Amino acid sequence: MNDWLHLWLGLTSGVVVFIVSITGCIYVFQQDIKDALEPWRFVEAQNKPFVPPSQLLDTAQAYMPGKKPTGLTYSNKEGAAAVGYMGTGNGEADFTAIFLNPYTGEFLKKQTDGAEHFDFFHFIIDGHRALWLPYEIGRPIVGIATLIFLVLLVTGLVMWWPKKWNKSSLDKSFKIKWNGSFKRVNYDLHNVVGFYSLVLAFVLAVTGLVWSFEWFGNGLYYITSGGESKPGHHHPHSDVSKAGILASDTVSMLDKAWYKTIAVEPDAQGWYMTPILEDEEDAIELTAYQNFGSWYNRNEYYYDQHTLELYRVQGDRFSEASFADQLTMLNYDIHVGIILGMPGKILAFFISLICASLPVTGFLVWWNKKKKQKKQTGTLKVNRNKVKATKA
C-alpha cells in the first residue's frame, strides 16, 4: 500500500513539484543577482545622517506626478533609499521604485516591474507561487501539491528504510553506486539523495505551506505556541479626537516619527514605512530591521499620527516575542535560506534542486520498471507460444 501510494501521488503531483522546486532554486539568489546587475541600488557611505522621509517623497513625486507612494525604504549605510508605487500602469500588478541617495535625496533610478515591464525574477516567483496561473487558481494547486510532497517524503522514508541492517543493505541505502548502470545510478539519486535531503526538504515544504493555506499557518502557530490561537495582524488606531494637536499633515508627522525612532534605533540595518496614511484613524508604522539582508529580526513602531504616542502590539519586537511569534517572523528567512546568510542560500539552492530532481528520477524509476515488466510479459508470451507449437 505504501509503495502504491508513493507511486501514484508522485506521478500526480510531479510536474507541479518540479516547477515549484526549480523556480524556488532559481529565486534563492535573486537579490544577489540584482545587486550585482543594478548598481543604482548602492551609494557611497558617508559620515552623516540620512535625509528625512519628506525629502525623499518630494524628489520621488517629481518622477511620479499624481501617484500615491505605497512604501518607503532605507537600507544600510551603502544602500540606496527607495520610494515604491503599486499599480502604476495599465496592469494592476505594476510596481515602480524610485531609487534615491539617502544622504542627499538625489534621484538615482526609476524602475518599473509588472505586466507591461517584463522582470525575470517576477516571472519566476509567479511560477513558484501560482504556476503562472491566476493566483486564486494557482496557489491552491501549489498548496495541494506541496501537501502531497510532505506525504511523499514520509512514504519515501518508509520505502528507503533498510529491511536488513547489514553492510550490503546499508551501502544501498546510504551510497550512490556511480559505476553502476544508468538505471542503478538514477535509482540511487532518487533513493539515497532523497533520504539525505529529507529533513530540509520537509522544512522548505512546511514554510511554503504557511503562505498557501491560512489554516496551515494557524495550525502551526497553535502547535508551537502550546495551544494559543494566532492573533491577526493588528494595527493600532490613532485617536481622532486629538487631530491637529501637533501638525496638520501626515508627512511632517512621519518625519517626526522617523527622528524619534532612529534615536532609539541608531544601528538598524534597514527601514520600511508606509508614507501616506489612508484615513485619520491609521497609525504611522515604521519597521527597523536589525540585520542587513534578512527580515526576521525586526522591531515595529506604531505611532498615533496626531500625538506621536507610541503603541505596542503583540510580536512587535523579535527579541521580546514568544517562540511561536518568532517562528512566524522567521518563516520567510528559513524558506529562502537567508537565516544562515550565504551558506544558507547555497544550502536552500541545492535542496530545492534535489526536490526538483526527485519527480524526474522517480518517473524514470517507474518507467524503467514498466518497460521491464512489459519485456518480461512479452518473453513469457513467446515461451508459451513455443510450448504450444512444440505440443502441436
Quickly run through segment 293-321 and pick out the residues that are open to solvent by 50 Å² or more (accessible area, probe 1.4 Å) and not in a helix (DSSP H, G or I).
TRP295, ARG298, GLU309, LEU310, ARG312, GLN314
Looking at LEU37 and the list (1) out of contact with any helix residue (DSSP H, G or I) (no Cβ under 6 Å at 6 or more places or on another chain); (2) within 30 Å of ALA130 (Cα to Cα); (3) buried (at least 16 other Cβ atoms within 10 Å of the Cβ), which single condition is not satisfied?
(3)
Some residue of segment 33-47 being of a type in the set (Val, Ile, Thr) and either modelled with pLDDT under 90 or over 30 Å from THR361 (Cα atoms) (or both):
yes
When residues of segment 193-216 are filtered for being over 18 Å from the mean Cα position of the chain (by Cα) and assigned to a loop (DSSP other than H, G, I, E, B), how many remain?
1
Failed item in (1) touching a Leu at 6+ places or on another chain (Cβ under 7 Å); (2) closer than 20 Å to SER352 by Cα; (3) open to solvent by less than 70 Å² (accessible area, probe 1.4 Å), with THR207 passing the rest
(1)
Could you tell me whether segment 115-130 includes any residue that is open to solvent by 70 Å² or more (accessible area, probe 1.4 Å), part of a loop (DSSP other than H, G, I, E, B) and touching a residue at least 12 places away in the same chain (Cβ under 8 Å)?
yes
Name the single residue that is modelled with the lowest pLDDT among those in segment 68-88 being surrounded by fewer than 16 Cβ atoms within 10 Å (Cβ to Cβ) and farther than 26 Å from SER294 by Cβ.
GLY87
Looking at segment 153-167, which of the residues that are part of a loop (DSSP other than H, G, I, E, B) and open to solvent by 20 Å² or more (accessible area, probe 1.4 Å) is modelled with the highest pLDDT?
TRP161
Does GLY219 satisfy being more than 21 Å from PHE350 (Cα to Cα), part of a loop (DSSP other than H, G, I, E, B) and open to solvent by less than 70 Å² (accessible area, probe 1.4 Å)?
no
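The values are calculated or read from the model by the stated rules, or taken from the named source; none is laboratory data. Just so it is clear, the model here is predicted, and its values are computed rather than measured. Note that each Cβ is placed from the backbone with ideal geometry, even for glycine, and that neighbours are counted across all protein chains shown. The accessibility values were calculated without ligands, DNA or RNA, using every heavy atom of the protein model including side chains. Shrake-Rupley method; radii C 1.70, N 1.55, O 1.52, S 1.80 Å.
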